[in-house]
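Rule-based calculations on the coordinates, nothing more; no lab input. Small disclaimer: the values here were computed from a predicted structure and weren't measured. Quick reminder, even Gly has a Cβ in these numbers, built from the backbone with ideal geometry, and neighbours come from all protein chains shown.
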Amino acid sequence: NAGVTQTPKFQVLKTGQSMTLQCAQDMNHNSMYWYRQDPGMGLRLIYYSASEGTTDKGEVPNGYNVSRLNKREFSLRLESAAPSQTSVYFCASIRARNEQFFGPGTRLTVL
Amino acid sequence: AQSVSQHNHHVILSEAASLELGCNYSYGGTVNLFWYVQYPGQHLQLLLKYFSGDPLVKGIKGFEAEFIKSKFSFNLRKPSVQWSDTAEYFCAVITNRDDKIIFGKGTRLHILP
């Protein structure tokens with residue numbers, strides 16, 4: 001039982017490049033989330049998915065897209081990376097308004 | 001919109017001191033409440049949670065929190081902190097309206113040995 005896994009752990013991009021952050025959970029959870037964490041800002045919700053096939057915007061969705069590929073996987077895509085997207089990205093999942101389980105995070109630097 | 005406020009951004013204490021971190025939320029309906037801890041370089045881990053029942057909940061590592069509905073508060077406490085409690089602490093709320101979990105901005109706790 002791996003919990004929530006994320007890839008990659010680290011990434012450096014140049015401005016304008018694109019990339020996809022992958023997230024998977026093996027706990028059969030319905031809801032999945034993407035957050036970004038910046039110093040002094042806490043965790044800010046980018047997008048979430050309450051179930052397979054549905055996605056909703058969070059607090060800071062601009063510049064990002066998501067795909068809920070199936071119940072297990074929820075990916076986050078940066079189409080044209082900007083320095084303001086330098087951050088640590090966390091994926092999380094929950095079963096039903098309960099405790100969230102977090103992935104280990106992806107540290108992204110955009111030059 | 002729902003929000004969570006953590007009033008202390010940075011707290012410095014000596015070992016064995018008592019700790020109380022404030023958390024207030026804005027939502028008039030039913031909520032589930034959480035406190036998470038993030039040790040340096042790690043992801044968030046659950047300390048404790050409140051869904052219903054006894055408003056005083058006990059979590060791991062000697063932490064507890066009290067839900068006061070009339071004050072929309074869920075403050076975290078520990079009677080005697082240790083150096084190993086140095087971390088960042090996040091309060092979070094999920095409402096009965098949707099599955100969005102809203103986090104506070106966090107409190108960075110530094111314990112002096």
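Shown is the FRET efficiency for A:Asn98 and A:Met41, computed with R0 = 35 Å from the Cβ-Cβ distance and rounded to the nearest 0.05: 0.90.
Restricting attention to region B:46-101, the count of lysine pairs at 8 or more positions apart or across chains with alpha carbons under 24 Å apart stands at 13. In this calculation the C-beta distance from A:Asn70 to B:Asn8 is compared with R0 = 35 Å, giving a FRET efficiency of 0.25. Here the 3J(HN,Hα) profile of region B:23-28, calculated from phi with Karplus coefficients 6.51, -1.76 and 1.60 at θ = phi - 60°, is 8, 10, 10, 10, 5, x Hz, Gly and Pro shown as x.
The Cβ shell under 12 Å around B:Arg108 holds other residues with a net charge of -1, Lys and Arg each +1, Asp and Glu each -1. Binning the C-alpha pair distances of chain B at 10 Å intervals from 0 yields a P(r) profile of 15, 50, 29, 6, 0 %, listed from the shortest bin outward. If a spin label sat at a point 7 angstrom from the Cα of A:Thr109 along the line to its beta carbon, the backbone N atoms of region A:75-99 nearer than 16 Å would be those of A:82-89.
Karplus-based coupling profile of region A:76-85, in residue order and whole Hz: 10, 10, 9, 6, 8, 5, 10, x, 5, 8, with θ = phi - 60° in 6.51 cos²θ - 1.76 cosθ + 1.60 and x standing for Gly or Pro. Counted residue by residue at 0.36 nm each, then reduced by the alpha carbon distance between them, the extension gain from B:Asp54 to B:Trp83 reaches 7.5 nm.
Between A:Asp26 and B:Ser70, what FRET efficiency comes out of the Förster formula 1/(1 + (r/R0)^6) with R0 = 35 Å and r the beta carbon distance, rounded to 0.05?
Numbers: r = 41 Å, r/R0 = 1.17.
Between B:Ser70 and A:Asp26 the formula returns 0.30.
When chain A is modelled as a GNM with alpha-carbon springs shorter than 10 Å, which of A:Met19, A:Met41, A:Met32 fluctuates the most? Residue with maximal mean-square fluctuation among A:Met19, A:Met41, A:Met32: A:Met41. Between the exposed loop cleavage positions of chain A, defined as trypsin sites (Lys or Arg not before Pro) in a non-H, G, I, E, B DSSP state with at most 15 neighbouring beta-carbon atoms within 10 angstrom, the longest gap is A:15-94. In whole angstrom, chain A maps to an equivalent ellipsoid with semi-axes of 22, 13, 13, each derived as √(5λ) from the alpha carbon gyration tensor and ordered largest first.
For B:Leu48, the residues whose modelled amide H falls within less than 5 Å of its own, excluding neighbours fewer than 5 places apart on the same chain, are B:Trp35. Largest mean-square fluctuation among B:Ala16, B:Ala87, B:Ala65, in a Gaussian network model of chain B whose springs join Cα atoms under 10 Å apart, belongs to B:Ala16. Extending 7 Å from Cα along the Cβ direction at B:Lys105 and again at A:Glu79 yields two label points whose distance is 3.1 nm.
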